[in-house]
Amino acid sequence: MTGEPISLRDVAHSTNEVAAATLVCLPKMTPTRLRVLLHHFGSAELALRAVVAGQLGPETGDAGADVRRAWRDRADPDAMRRCLEARGTRVWLEGTDAYPIIDAVPDRPAVLLAEGHQPDVLTAPRVAVVGTRTATPHGLADARELGAFLAGEGVTVVSGLAIGIDAAAHDGAIAAGGGVVGVVATGLDVTYPRRHAILYDRVRSLGMIVAERGFGVGPLPGLFPIRNRIIAALADVVVVVEATLRGGARITAQFALDYGRSVLAVPGSRRNAAAAGTNALIADGAHPLVEWSDVLVALGMTAAGTPRISTSPSRPTPTPKAQALLDALGGEPGNPDQLASRSGLSPQEVAVALAELDRAGWTERAQGAIWPC
Amino acid sequence: MLASVTSATLLGVDGQVVTVEVHIASGLPGYHVVGLPDPAVRESRERVRAALQSSDIAWPPTRITVNLAPGGVRKTGAGLDLAVAVGVQLASDTLPAGALEGIAVLGELGLDGTVRRVPGALALVAAVARAGCTTVVVPAHDAAEAALVPGVTVRVARDLGELRACLKGEAPWPDPPAPPAPDGDDEPFDEPLDLADVRGLAWARRALEVAAAGGHHLLLTGPPGVGKTMLARRIATIIPDLTDTEALEVTRVHSAAGRPGHGLIRRPPFRSPHHTASVAALIGGGSGRPNPGEVTSAHHGILFLDELGEFPPRALDALRQPLEERAVWIARQPITLCFPADFVLVACTNPCPCGLGGPACVCGEGARSRYRRRLSAPLLDRFDVRLSVGSPEPTDPPGESSASVRVRVEAAVSRQRARLAGTPWRRNAHVPAGALERLLPLAADAQNALLVETEARRLTGRGGARVRRVARTLADLEDSPDVTAGHVAWAGQLREDVP
């Protein structure tokens, strides 16, 4: 990542931006309180001046007297400017050129904080790839493939940096060298989940991480569904790869429909609990995504024309017994007992053939089952 | 005016010979017990005096001192009562001197002079036999157990008066009571279990056989309702009977734990403690006199832990020593006791707290990873066979019956016994890594398969050794003289990574 720090130094902040960031980072600040403040005073600078002067009243939002006092004591624009410069954080105000949500969707954040080395990724077409955290190996593979496909077409992949589908989509796009945007529910200085520290670094170097909350805000459960509206708003098209019936991905899809974005869903087996949400979306009218290039159609693009090389790696042809097991799986997950009973092979024959399939990469183990790849 | 009587007390699951010395001296009437007695032993005074008086035997109105030697060992329980009572009579010259030459006395006294059973009779009699006693007087209830010790004449004491007459030669010794007909098995189940009740699950059944035959620890993972527990409980029906030595050890342990038996225990024990069991209940210990825990009760049998993930992590990690060394050492000032704990661990667990696993899971990420952390990697590593069990197909036929599986398991066990004759080990799972090459050799193609398996699964040295032992057991179950590459591949497949 040579040369990257230069782009960080480029970030200069107007007084208004620093004031906005200061307001965002006040304790107990919420998107609604921020919106009311900015609306009432007309600009972040004026609002901050009122906060510091202790001139807030009941008409400037629902913050109580003790919260207003805490705001007055904690507001420190000078420290915030130093912090923004040290971190290279950008402040995007609603209504300015840099603000990435072009259409006035309801509830869009008044201020977005963003960090990363590639702000240009937001000028490209953007597709959100979202899904469940408890994804199946098939779902993860789909998300990874889709991320790579979109990256190859110059499309930026937007997702939420969560485990499961989100991380797989980011991974796929990053591996293909494409642009990525991660929208987090926490503050920009918090890494959640912790095991994604490396993924956070990669997203920073190949794209941007965006947050509407101030520094230091941790992973509180209520923040994630609210965050999902930003993912929907930032994207031109939302693809749901795998979703359970009651998951955050369906919330994202609902926001996307409210905002007039196209929603595509990857269909799955009715036996797969992780596909129940996507299948329900399709039943509700979402477009079933079978060919990745359909995403480009939804974006109004045509494929870049470079014929895609098949992504399936070359594998040795399975022996007849191994093939019998693959047939017995039928593209669905299974367990050895089921395979033995469906294929009629003895347990030992199943074991030997499974060992062969595992080694050659035809199958993989996850969630206590055998998955054909 | 001194008499000494040989008796014994329990030290863990072993007997310790105690010499009860009774000294009667002129002086103010009194009674003192010295030599580390526990409260039950100190209270023997009241029981002994009442029992003697109930049996119309005079209590000497003098100063009585009872010494329990060796003085450094803590004596527990009421099993020394009878020895004290006999010693008092000897010392006060109401019994002929020499009446107890070479005779050891065990038993607890009731206030009416009846003799009650003592826990651990087998271990106690074995101890006094080792100390050179040729005759032992035991409570009627313990006669069957005492008779298991070779080279000892067992005499039965029913009450103090009768015993006195017999010792004086005025009456013949009573016959030992006929062993009570075993009133059914100790099976806590209403219906007899049989493997034929389990449909499908061909792999899991084979894994169960492997555990039963080779002494391999087994972990079954899967959602609730697929038959994990049903299957695991049926391992009790396919393990072979205990050998004579094993049966003696098991009987000794269970007798010492105070579980009344009917002579020799022939079936391997099956213990399934609930997951609220404390560390002391599971491993042994407790304050004061260390007691054997479930791992010792499962000695030479099966320890079944259902819902492994619900056990306290401390208890599970404490299992690691007995799993590795097949014994538990419990240290208490001033002694360290060794309890045997050679068991096969069979455990079932759900993939996550809600049990559904995979995409159907409704647990939070935190709850899921906490649940996973409970089963530490070192513990999981000790399971030779780890298998996830999925739902059986609805069309699966009922499985093989326990009787025919047991024939196969017994054959595999005797193959192992022949192979491991002259070594300290009995099962494939016990063979240490250093002796694998010598005792469980692999042909070239199997060796090759093991290398492939090691590579593909990134097995550690210990993991590889475990695959090798399981492969040998699979071959034994097929009555195959050699381990084939297929057995190795299968053994590898039976060692799944736990999600």
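Values in this text are rule-based calculations from the coordinates and carry no lab data. Note that the coordinates shown come from a computational prediction; the quantities given were computed from them, not determined experimentally. Don't worry about glycine lacking a Cβ; one is built from the backbone with ideal geometry, like all the others, and counts go over all protein chains shown.
For the stretch A:43-106, the share of alpha carbon pairs falling in successive 5 Å distance bins from zero is 4, 14, 18, 18, 19, 17, 10, 1 percent. Working note: Karplus 6.51/-1.76/1.60 with θ = phi - 60° gives the stretch A:235-245 the couplings 8, 8, 9, 10, 10, 9, 8, 9, 8, 7, 4 Hz, where Gly and Pro are set to x. Note on residue B:56 and residue B:274: their simple-model spin labels are 5.1 nm apart, each label 7 Å out from Cα toward Cβ. Looking at the stretch B:2-168, the DSSP beta bridges with both ends there are about 55 percent antiparallel.
Rounded to the nearest 10 degrees, the inclination of helix B:402-419 to the longest alpha-carbon principal axis of chain B is 80 degrees. Each label was represented as a point 7 Å from its Cα along the Cα-to-Cβ direction; for residue B:34 and residue B:365 these points are 7.1 nm apart. Cα centroid separation, the stretch B:14-64 to the stretch A:187-208: 79 Å.
As a calculated quantity, the FRET efficiency between residue A:332 and residue A:59 at R0 = 60 Å, using C-beta atoms, amounts to about 0.50.
If you take all other residues with their beta carbon under 14 Å from the beta carbon of residue B:333, and give Lys and Arg +1 and Asp and Glu -1, the sum is +3.
Between helix A:347-360 and chain A there is an angle of about 50 degrees, using the helix long axis and the longest principal axis of the Cα atoms. Scanning residues 5 or more positions from residue B:171 or on other chains, those with amide H under 5 Å from its amide H are B:166, with H placed 1.01 Å from N in the peptide plane.
DSSP bridge analysis restricted to chain B gives an antiparallel fraction near 50%, rounded to the nearest 5. For the Cα trace of chain A, dividing Rg by the Kirkwood Rh returns an Rg/Rh value of 1.06. Here the label points at residue A:107 and residue B:482, each 7 Å from Cα along the C-beta direction, are separated by 7.0 nm in the simple model.
Normalised by residue count, the stretch B:297-428 yields a Cα convex hull volume of 150 Å³ per residue. Separation of the stretch B:400-459 and the stretch B:237-263, taken as the distance between their Cα centroids, equals 26 angstrom.
Taken about its Cα centre, chain B carries a charge dipole of roughly 1380 debye when the Cβ of each Lys and Arg holds +1 and the Cβ of each Asp and Glu holds -1.
Averaged over the residues of peptide A:328-338, the number of Cβ atoms from other protein chains lying within 10 Å of each residue's Cβ is 5. Ordered by the count of other Cβ atoms within 10 Å of each Cβ, fewest first, B:26, B:297, B:92, B:278 give B:26, B:278, B:92, B:297. Rg and Dmax over the alpha-carbon atoms of the stretch B:443-499 stand at 10.6, 35 Å. Over chain B, the hull volume per residue, using the convex hull of the C-alpha atoms, is 165 Å³. Counting only alpha carbon atoms, the long axis of helix A:165-175 and the longest principal axis of chain A meet at about 90°.
Each principal axis of the Cα cloud of the stretch B:198-277 was taken in turn, and the coordinate range along them, longest first, works out to 39, 30, 19 Å. The reciprocal of the average 1/r between distinct C-alpha atoms defines the Kirkwood hydrodynamic radius, which for the stretch B:377-499 equals 15.5 Å. Using 1/(1 + (r/R0)^6) with R0 = 56 angstrom and r between the beta carbons of residue B:196 and residue B:2, what's the FRET efficiency to the nearest 0.05? After rounding to 0.05, the efficiency reads 0.25. Go through B:115, B:30, B:132 and say which Cα lies farthest out towards the positive end of the charge dipole of the stretch B:2-168; charges sit on Cβ, +1 for Lys and Arg, -1 for Asp and Glu. Value computed over the given set: B:30. Given +1 at the Cβ of Lys and Arg, -1 at the Cβ of Asp and Glu and no other charges, the dipole of chain A around its Cα centre is 720 debye to the nearest 20. For residue B:347, the residues whose modelled amide H falls within less than 5 Å of its own, excluding neighbours fewer than 5 places apart on the same chain, are B:218, B:219, B:220, B:305. Taken along its three principal axes, the alpha carbon spread of the stretch A:119-299 comes to 40, 33, 31 Å, from the longest extent down to the shortest.
Each Lys and Arg adds +1 at its Cβ and each Asp and Glu adds -1 at its Cβ; summed about the Cα centre, the protein assembly as shown shows a dipole of about 1480 debye.
Can you give the FRET efficiency for residue B:243 and residue A:366, using 1/(1 + (r/R0)^6), R0 = 45 Å, r = Cβ-Cβ distance, to the nearest 0.05? FRET efficiency, residue B:243 to residue A:366: 0.55. Length gained on full extension, residue B:329 to residue B:287: 13.6 nm, using 0.36 nm per residue less the C-alpha separation. Both radii were evaluated on the Cα set of the stretch B:195-493; the Rg over Rh quotient, with Rh as the Kirkwood radius, amounts to 0.96. Within chain A, antiparallel bridges make up roughly 40 percent of the DSSP beta bridges whose residues both belong there.
Taking amide H positions as modeled 1.01 Å from N, with prolines and chain starts lacking one, the residues under 5 Å from residue B:155 and 5 or more places away or on another chain are B:136, B:137, B:138. If you average the alpha carbon positions of the stretch B:65-84 and of the stretch A:340-373, how far apart do those two centres end up, in angstrom? Here the two parts' Cα centres lie 64 Å apart.
Listed values for the stretch A:263-280 are Karplus-derived 3J(HN,Hα) couplings in whole Hz (6.51 cos²θ - 1.76 cosθ + 1.60, θ = phi - 60°), namely 10, 10, 9, 7, x, x, 5, 6, 7, 8, 4, 7, 10, 4, x, 5, 4, 5, and x replaces Gly and Pro.
Taken over the alpha carbons of the protein assembly as shown as equal point scatterers, the Debye sum produces base-10 log I(q)/I(0) values at 0.05, 0.06, 0.07 Å⁻¹ of -0.46, -0.61, -0.74. Neighbours of residue B:60 by Cβ distance under 12 Å: Lys/Arg scored +1, Asp/Glu scored -1, total +1.
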